[in-house]
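Right, one structure below, let's go through it.
Computed from the coordinates by the stated procedures, all read-outs in this text should not be read as laboratory data. Quick caveat: nothing in here was measured; it's all calculated off a predicted structure. Using ideal geometry, Cβ is built from the backbone for each residue, glycine included, and neighbour counts are taken over all protein chains shown.
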Amino acid sequence: MPLVYYRISNIPLEWDRRDLTVGLEQLDPQLKKVHELSLYPSLFGRCQTALAANYRRVEIFENPDSRFFEVYVGSSEPTVLEIDAHFRGLTPLNSPETNTVAE
């Protein structure tokens, strides 16, 4: 069975993989067992982006018109994660060791 990948954006900087897993599990209990989960700094530095790979499709993430989801992790205030399977726009796939400047 092939892996299905999802991009998760707007992850708070203070969250680690465990925090993200707790949030994802609120959306679908089977996401507690995500096969791969990688965190990367976002392009603008105010949050993180993650790639999640799973062996099954998550129905609620497949709808391109519904991609914002509220989760509660360590706070009474919701965090709104953006989750999609279409990867429109830029997706960071590395964690640079130094500040990089492009000309």
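Can you give the angle from 0 to 90° between the axis of helix 17-27 and the longest principal axis of the chain, with both taken from C-alpha atoms, to the nearest 10?
Value to nearest ten degrees: 40.
Go through the stretch 31-72 and name the chymotrypsin sites (Phe, Trp or Tyr not before Pro) that are in a DSSP coil and have 14 or fewer other Cβ atoms within 10 Å of their Cβ.
PHE44, TYR55, TYR72
Using only the Cα atoms, work out Rg/Rh for the chain, with Rh taken as the Kirkwood radius, to two decimals.
Using only Cα positions, Rg/Rh for the chain is 0.96.
Along the positive direction of the dipole of the chain (beta-carbon charges: Lys, Arg +1; Asp, Glu -1; about the Cα centre), which of VAL58, PHE69, THR21 reaches farthest?
Farthest along the dipole direction, towards plus: VAL58.
Can you give me the distance in nm between label points at ASP28 and ARG57, each placed 7 Å from the Cα along the Cα-to-Cβ direction?
1.0 nm
By counting other Cβ atoms within 10 Å of each Cβ, how are THR91, THR79 ranked from fewest to most?
Ordered by Cβ neighbours within 10 Å, fewest first: THR91, THR79.
Charges only on Cβ, +1 for Lys and Arg, -1 for Asp and Glu: so what's the dipole of the chain about the Cα centre, in debye to the nearest 20?
Roughly 260 debye, rounded to the nearest 20.
Can you classify the stretch 33-89 as rounded, prolate or oblate using the Cα gyration tensor, where a ≥ b ≥ c are the square roots of its eigenvalues, rounded means a/c under 1.5, and otherwise it's prolate if a/b beats b/c and oblate if not?
Because its axes are fairly even, with a/c under 1.5, the stretch 33-89 counts as rounded.
With runs of 4+ DSSP H residues as the only contributors, calculate the mean residue ellipticity of the chain at 222 nm using -39,500 (n - 2.57) per run, divided by the residue total and rounded to the nearest 500.
-4000 deg cm²/dmol
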